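For reference, the structure is listed below as structure tokens.
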Amino acid sequence: MKFLILNGPNLNFLGIREPAIYGHASLKQIESDLDQSFDHELSFFQSNHEGALIDRLQEAYYEKIDGIVFNPGAFTHYSYALHDALTSIQIPCVEVHLSAIQQRESFRQTSVIAPACIGQISGFGKDSYALGLEALLKHLEE
Ligand code: DQA
């Protein structure tokens with residue numbers, strides 16, 4: 001099966017940005033750990049730009065990607081355009097966050113992306129990505 005691991009704004013700064021919240025691992029390290037742990041075809045994409053993320057989601061439709069693990073970063077909280085991109089392509093998506101967004105500032109406690117996803121995993125640091133992918137695999141096997 002083919003999966004897309006998609007990351008939104010500022011996640012290219014993992015390892016540099018607020019390590020007390022987001023940990024010390026870089027996005028490259030997280031991606032290579034996932035590649036080694038899962039025996040599936042994984043594609044990785046990160047962008048700081050909303051339109052580039054939408055373009056990548058639409059490409060995923062034409063590539064017949066089986067599932068998506070998506071950390072939309074701050075777009076989680078206000079991007080209706082990313083929500084609509086997910087409902088357009090109809091590919092199962094798990095929303096993931098390194099931090100526990102429900103326990104943080106009030107603006108982080110709302111996700112406009114979650115209603116377009118099969119579920120959300122947050123608060124497990126870099127392990128949120130592997131847990132998201134496992135949840136997706138289980139969903140697709142059922
Ligand atoms: C985040 C949480 C968001 O609120 C924040 O804007 C991020 C990272 C997380 O992974 O915990 O950029 O998505």
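Points to keep in mind about this one:
- Yes/no for residue 88 being within 13 Å of the ligand (Cβ to nearest atom) and either of a type in the set (S, T, N, Q) or touching a helix residue (DSSP H, G or I) at 6+ places or on another chain (Cβ under 6 Å) (or both): no
- Of the residues making up the range 30-76, those that are free of Cβ contacts under 8 Å to residues at least 60 places away in the same chain, assigned to a helix (DSSP H, G or I) and not aromatic (Phe, Trp, Tyr) number 15.
- Screening the candidates 123, 73 for the property of being of a type in the set (Gly, Ala, Ser) and under 11 Å from the mean Cα position of the chain (by Cα) yields one hit, 73.
- Residues within the range 1-29 that are within 16 Å of the ligand (Cβ to nearest atom), in contact (Cβ under 8 Å) with a residue 40 or more places away in the chain and not in a helix (DSSP H, G or I), tallied: 9
- Residues of the range 83-96 that turn out to be touching a strand residue (DSSP E or B) at 6+ places or on another chain (Cβ under 8 Å) and not in a strand (DSSP E or B), as a count: 3
- Residue among 111, 128, 99 that alone is surrounded by 14 or more Cβ atoms within 10 Å (Cβ to Cβ), closer than 25 Å to residue 20 by Cβ and in contact with a Ser or Thr (Cβ under 6 Å, 6 or more places away or on another chain): 111
- Residue check for residue 53: farther than 15 Å from residue 126 by Cα, in contact with a Ser or Thr (Cβ under 9 Å, 6 or more places away or on another chain) and surrounded by 15 or more Cβ atoms within 10 Å (Cβ to Cβ): yes
- Residue within the range 92-100 that is more than 17 Å from residue 44 (Cβ to Cβ), more than 15 Å from the chain's Cα centre (by Cα) and more than 10 Å from the ligand (Cβ to nearest atom) present: no
Quick note: the coordinates plus some simple rules give every number you see, no bench work behind them. No experiment lies behind these values; they were computed from the predicted model shown. As a convention, Cβ positions derive from the backbone with ideal geometry for all residues, glycine included, and neighbour counts pool all protein chains shown.
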